[in-house]
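These notes are about the structure you will find just below.
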Amino acid sequence: MLIDDKMKAWILEVNDHPSLNIYFDTEFMNHKPMTEEDVCPIDLYVKSRVVRDAISLVKKKSFEEYDSFKSLQ
């Protein structure tokens, strides 16, 4: 959701089943185990921040000391 300069809310997307998968499309790779090469760096960056922020909201505590992905930088 975005809020414009006139305080009007705009819904961009509603996703009732979001995926936290960080791997590239693996439909054709079901025969081998996943490795670090299969990780999509954009998904890792974005989704790690989403999870970090969700946990921070629940804990009401700074997450900097647990930020192994350095997503705060």
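Just so it is clear, none of the values below were taken in a lab; they were calculated from the coordinates. Fair warning: this is a prediction, and the values are worked out from it, not measured in the lab. Don't worry about glycine lacking a Cβ; one is built from the backbone with ideal geometry, like all the others, and counts go over all protein chains shown.
Between Glu37 and Leu57, what FRET efficiency comes out of the Förster formula 1/(1 + (r/R0)^6) with R0 = 35 Å and r the beta carbon distance, rounded to 0.05? Display every interim value, and only then the final one.
On the way: r = 33 Å, r/R0 = 0.93.
Efficiency, from the Cβ-Cβ distance: 0.60.
When ranked by the protection proxy of mean other Cβ atoms within 10 Å per residue, highest first, what sequence do the peptides 47-57, 2-12, 33-43 form?
47-57, 33-43, 2-12
Net charge near Tyr23: determine it from the other residues with C-beta under 9 Å of the C-beta of Tyr23, scoring Lys and Arg +1 and Asp and Glu -1.
Numbers: positive: none; negative: Asp25, Asp38, Asp43.
Cβ neighbours under 9 Å give a net charge of -3.
List the residues, sorted by chain then number, that are 5 or more residues from Tyr23 or on another chain and whose placed amide H is less than 5 Å from its amide H.
For Tyr23, the qualifying residues are Cys40.
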